[in-house]
Amino acid sequence: MLTLFTNRYQAFQPPQGVPVRITLSAPRFKLPYPLQHAVRELAPRREYFTKPLPEFTAAYRADLDEVGPGRIAERLRAIVNAEQDHRLVLLCFEDLSDAAQWCHRRIFAAWWKDLTGDEVRELSPIADHYEQGTLM
């Protein structure tokens, strides 16, 4: 079983599941929890960050398509097997409570749902609402 969520580094709480880095670099600030896993294939390329959202999204989704959901699932299942916890929380930096913010973790979530049918819920506030998801 594989249950995916997204969150930001600063909002993650260990009871949510296993934290997984999906950014190019690790946080430069001290985290109150261990961060032992990273899936580099889910980090967008540095050059994409200067692009407008539609171009960023197209380029990032093309990279995800190249890797494919099967290979990504293998990487994620390896973490599930190592941790004996099916709940993985994919982490990055953006605070989505600001309506003007967007983030690659939600682009990944939409791509994953499009290809697998599986929902990836955000655990931190998104603009004026929460996407509630079960943590069990």
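Among the GluC sites (Glu not before Pro) in region 50-119, which ones are in a DSSP loop with at most 13 other Cβ atoms within 10 Å of the Cβ? Mind listing them? Provide the component values of the computation, followed by the final result.
On the way: sites: 55, 66, 74, 83, 94, 119; in loops: 94, 119.
Those satisfying the criteria are 119.
State, as an integer percentage, the relative contact order of the chain based on alpha-carbon contacts under 8 Å between residues 6 or more apart. The partial results should precede the final answer.
Working: 201 pairs, mean separation 49.5, N = 136.
The normalised contact order for the chain reaches 36 percent.
What does the helix-only formula give at 222 nm for the chain: each DSSP H stretch with n ≥ 4 adding -39500 (n - 2.57), the total divided by the residues, and the result rounded to the nearest 500 deg cm²/dmol?
Values: 3 runs with 43 residues, N = 136.
Result for the chain: -10000 deg cm²/dmol, rounded to the nearest 500.
Can you tell me which of 19, 44, 69 moves the most in a GNM of the chain? Springs connect C-alpha atoms under 10 Å apart.
Result for the chain, Cα springs under 10 Å: 69 fluctuates most.
Looking at region 1-101, which trypsin sites (Lys or Arg not before Pro) are in a loop (DSSP not H, G, I, E or B) and have at most 14 other Cβ atoms within 10 Å? Kindly include the intermediate steps, with their values, before the conclusion.
Values: sites: 8, 21, 28, 30, 40, 45, 46, 61, 71, 75, 77, 87; in loops: 28, 30, 45.
Listed in order of number, the matching sites are 28, 30, 45.
For residue 126, enumerate residues with amide H under 5 Å from its amide H, sequence gap 5+ or separate chain, H modeled in the peptide plane.
Here the answer is 131, since their amide H atoms fall under 5 Å of that of residue 126.
How long is the gain from residue 67 to residue 84 if the chain were fully straight, where each residue apart is worth 0.36 nm and the alpha carbon distance is subtracted?
Details: separation 17, 0.36 × 17 = 6.12 nm, distance 2.48 nm.
Contour length minus the Cα-Cα distance gives 3.6 nm.
Only four residue types carry charge here, +1 at the Cβ of Lys and Arg and -1 at the Cβ of Asp and Glu. Report the dipole size of region 3-122 about the Cα centre in Debye, rounded to the nearest 20.
Values: 17 positive and 16 negative charges, 71 e Å.
Computed charge dipole of region 3-122: roughly 340 debye.
By its C-alpha gyration tensor, with a ≥ b ≥ c as the square roots of the eigenvalues, how is the chain shaped: rounded for a/c under 1.5, else prolate for a/b larger than b/c, else oblate?
Working: a/c = 1.33, a/b = 1.13, b/c = 1.19.
The shape class here is rounded.
Between 120, 59, 84, whose Cα lies farthest towards the positive end of the dipole of region 3-122 when Lys and Arg beta carbons carry +1 and Asp and Glu beta carbons carry -1, centred on the Cα centre?
84
Considering only 52, 14, 27, give the residue with the highest GNM mean-square fluctuation for the chain, with springs between Cα atoms whenever their separation is below 10 Å.
In the Gaussian network model the winner is 52.
The numbers here are math on the coordinates, done by the rules we state, and not lab data. Quantities reported herein were computed from a predicted structural model and do not represent experimental measurements. Heads up, the Cβs are rebuilt from the backbone with ideal geometry, glycines too, and the neighbour counts pull from every protein chain shown.
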